[in-house]
Amino acid sequence: MNSTRKLIRLAISGALAVSMLLPSSLAMYQAKVKADALYLRESPGGDIITTLPQGTMVAVLNNSSSWYKVVANGREGYVSSEYLTGSGATDFSLGKGKIVCDTTVNFRSEPNTSSTVQASLRNGTVVDVTGVTKGWYKATYNGKTGYIHPDYLSFSNVQASSSNKTEESSAVAPSNNVVSYTGSSEKRASVLDYAAQFLGTPYVYGGSTPSGFDCSGFTSYVFKNTVGTIPRVAQAQFDATTRVSMEELEPGDLVFFGSSASSISHVGIYVGNNQFIHSPHTGEVVKYDSLTGSYANRFQGGGRVIFD
């Protein structure tokens, strides 16, 4: 009887020790392999994807059963929970991940929804994932380090899609003060990414630098530093670009507002999903707005600068 009680106590203490090492929450967290080698499987008890050596860091995505869903070395799969232990490390390579969303996802400066948005990442964008902090992925993109919520990042088929990409020409050819190019939609993404880094920049009348923008100062600065130079003021931008209707808008197109086509008073950059980014007016900052209400009523047309 005493020996039975002792075994029960040992089992309970062992379970408590494991629970102290690994969080009980279903939120994503980091752990490491404590076995000499651990199989990463396609499904709980399923086919083996690869073997993870002792000490391999993983991101635990789901711990609702004895088989944990994890990410390791750019692969998603399942491992037996008894061979993982908690870790305080936050910086470790998880390989390349891919943005999965309807339009864009915020790439933030800190692992929370109130921090600065450094870029707006489009669906399919590939990033280098460099760790896990407070339930968010830490990643690098275009030389910047930031954070992405795990709901919008996948590791499935990333390596294959990356290796199948072909490099396309993106030569800029100025014409009539606007720019066209031969290339892929990555050019549109570059405009949106660059514009997003100025979210929160104050409106300054006549401003055309990162210390402060007016509406056309913002659009001209973004395009000058991405795909090519466009005119400085809103009316000239409208006159120089190719007209598209609201239904034809694509991310990276300009959107123009005013009382008529010959009286354009405002401009922004369309980002998709009926949203645009702009520097609105005195007292405001660069931000996203919906192409509805008064903006829809004053909409005079889209301006296409990028042709692909």
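For this structure, a couple of remarks:
- Annotation for segment 203-308: GluC sites (Glu not before Pro) lying in DSSP loop with at most 13 further Cβ atoms inside 10 Å of their Cβ are GLU284.
- Ranked by how many other beta carbons lie within 10 Å on average, peptides 78-84, 100-106, 202-208 from highest: 78-84, 100-106, 202-208
- Placed amide H near ILE230: partners under 5 Å, 5+ positions off or other chain: LYS224
- Given a 1.4 Å probe and the protein chains as shown, LEU199 ends up with an accessible area of around 30 Å².
- Modelled FRET efficiency - R0 30 Å, ARG298 with ASN112, Cβ distances, 0.05 increments: 0.30
- Computed FRET value (nearest 0.05) for VAL204 with SER93, which takes r as the C-beta separation and R₀ as 35 Å: 0.25
- For THR226, the shell of other residues with beta-carbons less than 13 Å away shows a net charge of +1, using +1 for Lys and Arg and -1 for Asp and Glu.
- Under 21 Å of direct C-alpha separation, and excluding same-chain neighbours fewer than eight residues apart, LYS32 reaches these lysines: LYS69, LYS96, LYS134, LYS138.
- Averaged over residues, the count of other Cβ atoms within 10 Å places the peptides 220-226, 112-118 in the sequence 220-226, 112-118, highest first.
- Segment GLU82-THR51, extension gain: residue separation times 0.36 nm, minus the distance between their alpha carbons: 9.6 nm
- With the convex hull drawn over the C-alpha atoms of segment 186-308, the volume per residue is 92 Å³.
- Over segment 88-155: Rg over Rh, Cα atoms, Kirkwood Rh: 0.92
The values are calculated or read from the model by the stated rules, or taken from the named source; none is laboratory data. Bear in mind that the values here come from a model prediction, so they are computed numbers and not experimental data. So basically every Cβ, Gly included, is an ideal-geometry build from the backbone, and we count neighbours across all protein chains shown. Surface areas here come from the heavy atoms of the whole protein model, side chains and all, with no ligands, DNA or RNA. Shrake-Rupley method; radii C 1.70, N 1.55, O 1.52, S 1.80 Å.
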